[in-house]
Amino acid sequence: MHKKLAHHSGVMEVLNTRVMQTVKSTGIDYFHFTEQEQYGLNFGERLSNSIQEVFDKGYESVICLGNDTPLLTRSLIQDAAVALKKGTAVNGMSLDGGLYLIGLQKNGFDEVSFGALPWQSSGLAHAFHNYQASQNQNVLVLEPLADIDTEQDLQDFLSGKDARDAIIRLLLIGLSRKRNTYKHLKESASYILFSKPLNKGSPKAA
């Protein structure tokens, strides 16, 4: 789930580049739905519609990723893909109560119920867990990770022990010196990976 900075797009450009490099390194096919390609009245509807589009193309499972989680790794994405192949749903919870990764099976996806979840709230992870339980899904819960929603989140990340990637750390430090207020508008595009195609004729997007 792409989050857009209202006053400073530079930080998001760095994070976008980071997540796309990570996605490409997995070797998993992916779709990138931009804001222009999405439709719906709100974030939940737009995300739900985008996921349904992928399922309509013949795919059996989908992984949705947030782009505001610097410590997202290739291995976490691959773990999610392996779990989905075994019929297990996946979620990666953010420390603030949101989600940085969602792994869904086609047969466990209800477009209306999914779209109606409390997106953009601290209660999302709990509500999503209940949604998964209502679908009688086995769930793999990945390690929780911090995301960057505010300037304070950014400063906490830069000063913390988890800022392991020197390149992104330096880039973010340089951007943070501009002292703009970093406020995410959770109106956004979605990075969607997909795996386990329904048939050999399913498309492969680059």
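For beta carbons closer than 6 Å, sequence separation of 6+ or different chains, a first residue in the range 49-65 that is under 18 Å from A116 (Cβ atoms) and among the basic types (K, R) and a second that is surrounded by 19 or more Cβ atoms within 10 Å (Cβ to Cβ) and at pLDDT 95 or above, there are no qualifying pairs.
If only residues of the range 79-119 that are part of a loop (DSSP other than H, G, I, E, B) and without any contact (Cβ under 8 Å) to a residue 24 or more places away in the chain are counted, the one that is nearest to I148 (Cα to Cα) is P118.
Under the condition of being at positive phi and out of contact with any helix residue (DSSP H, G or I) (no Cβ under 9 Å at 6 or more places or on another chain), the residues counted in the range 28-84 number 1. For L124, the requirement of being out of contact with any Pro (no Cβ under 9 Å at 6 or more places or on another chain) and either among the basic types (K, R) or under 18 Å from E45 (Cβ atoms) (or both) is not met. The residue that is modelled with the highest pLDDT, counting only those in the range 64-74 that are of a type outside the set (K, R) and touching a Ser or Thr at 6+ places or on another chain (Cβ under 9 Å), is C64. For the range 127-143, filtered to residues that are exposed (fewer than 13 other Cβ atoms within 10 Å of the Cβ) and assigned to a helix (DSSP H, G or I), the residue that is nearest to the chain's Cα centre (by Cα) is N130. Is it true that some residue in the range 40-63 is modelled with pLDDT under 85 and either crowded, with 20+ Cβ neighbours inside 10 Å or under 20 Å from L104 (Cα atoms) (or both)? The answer is no, given that none of the residues of the range 40-63 is modelled with pLDDT under 85 and either crowded, with 20+ Cβ neighbours inside 10 Å or under 20 Å from L104 (Cα atoms) (or both).
Within the range 12-41, the set of residues being part of a strand (DSSP E or B) and among the small types (G, A, S) is empty. Cβ-Cβ contacts under 7 Å between residues 6 or more apart (or on different chains), taken from a first residue in the range 14-26 that is closer than 13 Å to T69 by Cα to a second residue that is modelled with pLDDT under 85 and part of a helix (DSSP H, G or I), are listed as V14/I168; V14/L171; V14/L172; V14/L175; R18/I168.
The values are calculated or read from the model by the stated rules, or taken from the named source; none is laboratory data. What you are looking at is a predicted structure, and each value in this text was computed from that prediction instead of being measured. Every residue, glycine as well, gets a Cβ built from its backbone with ideal geometry; the counts of neighbours run over all protein chains shown.
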